[in-house]
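Following: one structure in structure tokens, then a few remarks.
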Ligand code: HSE
């Protein structure tokens, strides 16, 4: 074993960074044996240097992250500060000064992944980011390496634990969105400002990263259609139950049409209770990957939290350190397929539409005609009437999102349609 240690700079020492530092210390001997050389924490960049950090030598702590990555003797920079800047500049500087990078930064990878990969390649260094998607669950490496010889057709999953906790609560207790969110906040699952989670931004960034790798193409956050889950109601869950379904916030990336393009989307959807994703409870994540030769694979586990995310970071650190020792680099960006990302209109799926209508002769026929005019075939219709008004639930066969949008637009124009109470896609059948 080499005795000269590989030097690691840690950028950020919050929930994830402090766990990375702890495991580097407590598992030092095992890590050294697995890598073939000791790994040494050479510096820790933080915002608040006065904070007491158990197990971290105060002499390693600095507020000058730029100076740390510019030192020239750093082999690997571990970036766990998150956000776009200063993370982006620090990573670029790290490559310029000869370091490889391990990052957990989904927002940055989803926005600037191509440029970061190009910088890594230019300097002959590694960029690894298993921790950016679904915490401890191995997804990036299976897609990049284990499935490199297969053809992935679809990635479908629950990649946000906060929203899965909220939806699971609504499902199991009949609670409304706000009540379930309040509980998630009280238990520490939801942040004080839950926007990134509940509006689907977090899941959309992860979907962009997964789609890019799965389909060997460039997919950015802006390419991902996104709907949050704040409008999901207790009534939606009752409807879902009547259909033998539950509701999940899903990230879905798939080949579109004849396979010449792809789509990537995040939105709440009904899925049958028999689908494996329906039994993903609490704050857990799970991702289904469907490919030509392997068939269906499911990856399941804790998608967030200091320790699970640190596990993914440490796995990358070991891989990158091994590469440093052997003078190799791991797989870089694979975007040769360059498939364009189609808009949401081209997505084909089933829909559950709940309408408030007048309960009088001919209304059902009128509604059915609108569906027919837009080429959307109805699978089932359920009606419940009371005092001249009725609630009409229509479930369609597969149709394009564009056709469904046209249908809904026309339905809204009917005098007999008082309102469109909800529209939900039905997936996983
Ligand atoms: N906030 C995310 C979640 C974890 O709830 O899953 C970090 O991406």
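Numbers for the structure displayed
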quantity	calculated
Sorted by Cβ neighbour density within 10 Å, fewest at the top, the residues 169, 241	241, 169
Residue exposure sequence - 324, 265, 2 - by fewest surrounding Cβ within 10 Å	2, 324, 265
Nearest-ten-degree value, helix 106-122 long axis tilted from longest Cα axis of the chain	40 degrees
Degrees separating the helix 177-186 axis from the principal Cα axis of the chain, which is the longest one	20 degrees
20 Å tail of the calculated P(r), the stretch 274-429, as % of Cα pairs	68 percent
Normalised contact order of the chain, rounded percent, pairs of Cα under 8 Å and 6 or more residues apart	16 percent
Value of [θ]222 nm, deg cm²/dmol, for the chain, DSSP H segments ≥ 4, -39500 (n - 2.57) each, nearest 500	-10500 deg cm²/dmol
Cβ-based exposure ranking for 96, 79, in which fewest neighbours within 10 Å come first	96, 79
Peptide ranges 39-45, 98-104, 183-189, 422-428 listed from the most packed, as the mean C-beta count within 10 angstrom indicates	98-104, 39-45, 422-428, 183-189
Radius of gyration and maximum dimension Dmax of the stretch 101-168, Cα, Å	14.1, 46
Between 0 and 90°, nearest 10: helix 161-173 axis offset from the chain longest Cα axis	40 degrees
Two-decimal Rg to Rh for the stretch 140-302 - Kirkwood Rh, Cα set	0.98
Gyration tensor verdict on the stretch 284-346 (Cα atoms; rounded if a/c is under 1.5, prolate if a/b is larger than b/c, oblate otherwise)	oblate
Global form of the stretch 347-426, assessed from the alpha-carbon gyration tensor, a/c cut-off 1.5	prolate
Estimated D of the stretch 114-213 in µm² per second, where Rh is the Kirkwood radius over Cα pairs and Stokes-Einstein applies at 37 °C, 0.692 mPa s	209 µm²/s
Whole-angstrom gap from the stretch 400-429 to the stretch 274-345, using each part's C-alpha centre	34 Å
Over the stretch 140-302, relative contact order from alpha-carbon pairs under 8 Å, at least 6 apart, %	33 percent
Square roots of five times the Cα gyration tensor eigenvalues for the chain, Å	46, 23, 17
Prolate/oblate/rounded call for the stretch 303-377, Cα gyration tensor, a/c under 1.5 rounded	oblate
Gaussian network model of the chain, Cα within-10 Å springs - most flexible of 147, 221, 68	147
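Values quoted throughout were computed directly from the atomic coordinates according to the rules given, and no laboratory measurement underlies them. Treat the numbers as computed from the prediction; the structure is a model and nothing was measured. Here Cβ is always computed from backbone atoms with ideal geometry, including for glycine, and neighbour counts include all displayed protein chains.
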